[in-house]
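These notes are about the structure you will find just below.
The values are calculated or read from the model by the stated rules, or taken from the named source; none is laboratory data. These numbers were taken from a predicted model, which means no experiment stands behind them. Quick reminder, even Gly has a Cβ in these numbers, built from the backbone with ideal geometry, and neighbours come from all protein chains shown.
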Amino acid sequence: MTLPPSSLWPRIALAAVVGILCGLIARRIGMPLPWMLGPMLGCGIASLSGAPLHGPAGLRLVVIPIIGVMLGSGFHPEILGHMAAWSGTLLLLPAFLAVATFTSYTFYRRVGGYDPVNAFFCAAPGGLNEMIALGGSAGGDERRIALAHALRVFLTISAIALFYALVLGIRANRSPGTWVGLGDLGLADWAILSFCAVLGAVGGKRLHLPAPQLFGPGLLSAAAHLTEVVTLPPPTLLVVASQITIGTILGCRFAGVSLRETGRDMILGVGATLALLAVTVAFAALLLPLAGTPLAQGVLAYSPGGLTEMSLLALSMGQDVAYVSSMHIARIVLVLFAMTTLFRIIGKHLIAASRGRPKDS
């Protein structure tokens, strides 16, 4: 049921309050990526508990370009000399995606008993909106597919943060680095960064780029910083507000989810995500002898989380943001291309097999 706007505003306001408070608490206790993970976990738990929250999804159009510009500021002239070292990760990426998707698909089919269409579109590690749209048009359960991908992103971010802290001994920086105040940017800096955000988002969508509102601004920002037309990132206050907004939206995706009705799907989502993470760590471990990539960066590069979230986590953990962002952009492109092409080939067989089975329990 769609609520009228007058009923949404109190829910959005409550979500904002929960998100900000949880961000402050997470920051206080030293949680990695506190301004996003705190609101995400707090709003997620509150939503599953039945709290009347509603994520400010419309603000994504504003905050995602800010994050894109911020991530693009991590590109600098010296980074061009390191790009050749990324080839090993790129060459191994298709094999990783094939094994990861097959593992997840098999889990949903054999353990979960999902029909082939639902298992197929729940399995791909990327493209949440695209998988929901494609899966729905193929006759899949859009709610089930959405829940599977929301859980994958939610659990991956949390698990990777714990893995870094407990296994690799890498914790988030207590401070976000040099604080960039609103007044630290000159008029030219504001103009250039705003240009990157607005034109990048519009151009990215028209050019059909993957994650256009992030990739477009990030691409222009990277070009501006590589050429040193601008040297400062966006103001820290805007970046923090953007992270709180993203975390709140992620947590509120579970609003209206009944544990009684979807408990089994959620348990299966946890199992599938753990299987994906096991494959991630295994392939990341291969990168050290094959390409000399440290396990810490390899895990972030292959992790089945969102592009925005994993790039922010890389920044928080002091890892190479340009490397991690580039690998996730490549992952999204490969997943969308491969899943679309593969479904064209075997889609009729999957749909026929799904119709021939009893409805998923």
Search result, residues across region 208-232 that are assigned to a loop (DSSP other than H, G, I, E, B) and under 21 Å from the mean Cα position of the chain (by Cα): 208, 209, 210, 211
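Here's the yes/no breakdown for (1) within 14 Å of residue 64 (Cα to Cα); (2) surrounded by 18 or more Cβ atoms within 10 Å (Cβ to Cβ):
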position	(1), (2)
203	no, no
211	yes, yes
221	yes, yes
225	no, yes
233	no, yes
237	no, no
Suppose the filter is in contact with a helix residue (DSSP H, G or I) (Cβ under 6 Å, 6 or more places away or on another chain), more than 30 Å from residue 227 (Cα to Cα) and at pLDDT 75 or above; does residue 161 pass it? no
Checking the structure you have, find out if any residue of region 240-248 is of a type in the set (Val, Ile, Thr), modelled with pLDDT under 90, under 21 Å from residue 40 (Cβ atoms) and in contact with a helix residue (DSSP H, G or I) (Cβ under 8 Å, 6 or more places away or on another chain). yes
Extreme residue, surrounded by the fewest Cβ atoms within 10 Å (Cβ to Cβ), among residues of region 247-286 that are farther than 19 Å from residue 111 by Cβ and basic (Lys, Arg): 260
Does any residue in region 163-180 that is among the hydroxyl-bearing types (Ser, Thr, Tyr) come within less than 6 Å, Cβ to Cβ, of a residue that is at pLDDT 75 or above six or more places away or on a different chain, and which pairs are these? 164/317
With criteria (1) over 17 Å from residue 75 (Cα atoms); (2) surrounded by fewer than 16 Cβ atoms within 10 Å (Cβ to Cβ); (3) touching a residue at least 40 places away in the same chain (Cβ under 8 Å), residue 352 comes up short on (3)
So which pairs qualify, if the first residue must be in region 229-240 and over 12 Å from residue 186 (Cβ atoms), the second must be surrounded by 19 or more Cβ atoms within 10 Å (Cβ to Cβ) and among the aromatic types (Phe, Trp, Tyr), the Cβ gap must be under 6 Å, and the two must be at least 6 apart or on different chains? 240/35
Using beta carbons and a limit of 6 Å, which pairs, at least six apart or on different chains, have the first residue in region 247-269 and over 15 Å from residue 141 (Cα atoms) and among the hydroxyl-bearing types (Ser, Thr, Tyr) and the second one modelled with pLDDT of 85 or more and buried (at least 22 other Cβ atoms within 10 Å of the Cβ)? 248/15; 248/19; 248/39; 248/43; 248/55
Given (1) surrounded by 23 or more Cβ atoms within 10 Å (Cβ to Cβ); (2) over 19 Å from residue 38 (Cβ atoms); (3) among the β-branched types (Val, Ile, Thr), index of the condition residue 192 fails: (1)
For residues that are in contact with a Ser or Thr (Cβ under 9 Å, 6 or more places away or on another chain) and modelled with pLDDT of 90 or more, scanning just region 212-224, find the one that is nearest to residue 196 (Cα to Cα). 221
Filtered residue count, region 306-326, keeping only those that are at pLDDT 80 or above and more than 18 Å from residue 222 (Cβ to Cβ): 1
Listed residues 80, 71, 128; which is at pLDDT 75 or above and either among the hydrophobic types (A, V, I, L, M, F, W, C) or at negative phi (or both)? 71
